[in-house]
Every structure is written in C-alpha cells, then in structure tokens.
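Working notes for the structure below.
The values are calculated or read from the model by the stated rules, or taken from the named source; none is laboratory data. Here the structure is a predicted model, which is why all the values come from computation and not from measurement. Counting neighbours? That spans all protein chains shown, and the Cβs are built from the backbone with ideal geometry, glycine included. Just so you know, the surface numbers come from the protein's heavy atoms only, side chains and all, with ligands and any DNA or RNA stripped out. Shrake-Rupley method; radii C 1.70, N 1.55, O 1.52, S 1.80 Å.
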Amino acid sequence: MNRRDAADLAGSAGVGAWTAFAVLTMIIVGGAGAPLWLDGTFLSRSVADRSDELVALARGVTATGSGVVPYALVALAGALAGRTARQRIGAAALALACLATGQVLRYATMTRVHRPRPPRSDWATHASGWAFPSGHTTTAALTAGILIVALALRAPRGGRALQIAVACWGLSVGLTRVYLGVHWFTDVIGGWLFATAWLGTCLWAAARWLPGAFLATVTPRPAPQPTEHGP
C-alpha cells in the first residue's frame, strides 16, 4: 500500500469513527447522561455474575489500561517501527505524542460531557472523574492500535497472532470497566470510537506529512535476489 492509499484509509476510518462518536455524544448529552440502551442490563449482569476470582482478574487487567504500562508499550511500538537508533527514537516520540495528546483531548471531552458514573454501590474498584468516554478504555485501545500498526510495519506478513493478542487486550480492558461497575457500556463504546478516531487522524497526518525517507525505513527490505553465474 502506498502513502496516498494509507492516508486515505486512515482518514476514512477516522472520519467514520469521529462521526459515530459525535452521534453517541449528542445522544448522551441530550439524555442528561442517563443510561442508554443496554447499559442497565450490562451493569446488572456484571454485578450478579461477580466472583472473587474474576474480580481480582478484572482488576489486574484494568490496571494495565492506565499509568506506566500504556506509555511503555507505545515506546516499545516506536522501537519496533524504526530500524536505526535515530528512527526508533523518532517513532517512539511520535507514538508517545499521539497517546498523550489523545488523553488530553479525551479528558477535555469527558469534562465537557460530565456524565455521571454508575451508582457507587455497584463499584468493585476505585474510580474517579466523569464517565464518558472511559479513560482506561480509550488509553488501552489507542495503545493497542499503535502497537498493531507498528507490528504490521515491522512484519507485514507475520505476527498476526501477536496482533490479535494485542487487540484482545485492548478490548478486554474496556470490558473490565463495565464488569467492575465503574462505567456504563456506552462509556466503553465511546472510548473505542474515540481511540479509533484519534488513531486514524494521527495515521492520516503521518502518512501525508512525514518525510518519505522516514516511512521508507519501516518498509521491509526486499529479499536479496540470487545472482546468476556464467558457465
């Protein structure tokens, strides 16, 4: 895929996700933050199906969606994408900037929407701030997306199992937020949409404006061709 096609694909995904996120946000704001659709059902089922073992597991998974872990994984993604020390540092800086800026924008949106969380009596872990979009969900999904892109650049024909594992981790962090009772399911959907939209925007900008020499460094080198020897 050439740069123009990559930019178009990323841009289309970003526009689609931004549109869906905007619609969901307007619905939530219009309803004064009240639970939507299956929010109540997901929460009641989560509370009813809890066990000490599953809660402990969910707390462990959800903890990886915040703090040092996402930034370490994003820095690793940069190291995977580059081929020289300078390229790796540059790629890591860009990936970290994408994650950090996304978190700032997500926080600003959360503060603006100010949707209340589910009742505190249903919480099975600590939480703070407003609910929409879910911060842990957004951070984990954005981190997973950056890692998947880095793996695809590094090994376009391999690493599929690892990419699937990373995607499952990104999704599972969001689901634990519902299971632990600190977010409505639509908060999680909003986090997934926001992460997809912001990642699409960042990839579109990178494909359009990064120097061609930089992008060329993350393209796999062609296999050497056998030389023909005369008789």
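A few comments on the model shown:
- Centre-to-centre separation between the Cα atoms of region 1-42 and those of region 141-182: 18 Å.
- A simple packing score, the average count of other Cβ atoms within 10 Å per residue, orders the peptides 145-154, 190-199, 65-74, 34-43 as 190-199, 145-154, 65-74, 34-43, with the highest score first.
- Only DSSP H runs of four or more residues enter the estimate; each adds -39500 (n - 2.57), and after division by the residues of the chain the mean residue ellipticity at 222 nm equals -24000 deg cm²/dmol.
- Computed over neighbours whose Cβ is under 12 Å from that of Arg117, the net charge equals 0, Lys and Arg +1, Asp and Glu -1.
- At an R0 of 35 angstrom, the distance between the Cβ atoms of Leu162 and Ser66 translates into a FRET efficiency of 0.95.
- The convex hull of the Cα atoms of region 36-92, projected and averaged over all directions, covers 6.2 nm².
- Given [x] 18.9; [y] 19.7; [z] 17.9, the label whose value is Kirkwood radius over Cα pairs in Å derived from this model: [x]
- Mean Kyte hydropathy of 1.0 or more with a Cα span along the axis of at least 15 Å, helices from DSSP in the chain: 68-81, 135-154
- Accessible surface for Thr64 stands near 40 Å², nearest 10, in the context of the full protein assembly shown (1.4 Å probe).
- Between the residues Leu57, Pro70, His183, the greatest Cα displacement towards the positive end of the dipole of the chain, with unit charges on the Cβ of Lys, Arg, Asp and Glu, is found for Pro70.
- Remark: relative contact order (region 96-188) = 38 percent; criterion is Cα-Cα distance under 8 angstrom and separation of 6 or more residues.
- Peptide ranges 103-114, 126-137, 172-183 listed from the most packed, as the mean C-beta count within 10 angstrom indicates: 172-183, 126-137, 103-114
- Its Cα gyration tensor gives region 87-167 an equivalent ellipsoid; the semi-axes, largest first and in whole Å, are 31, 17, 8.
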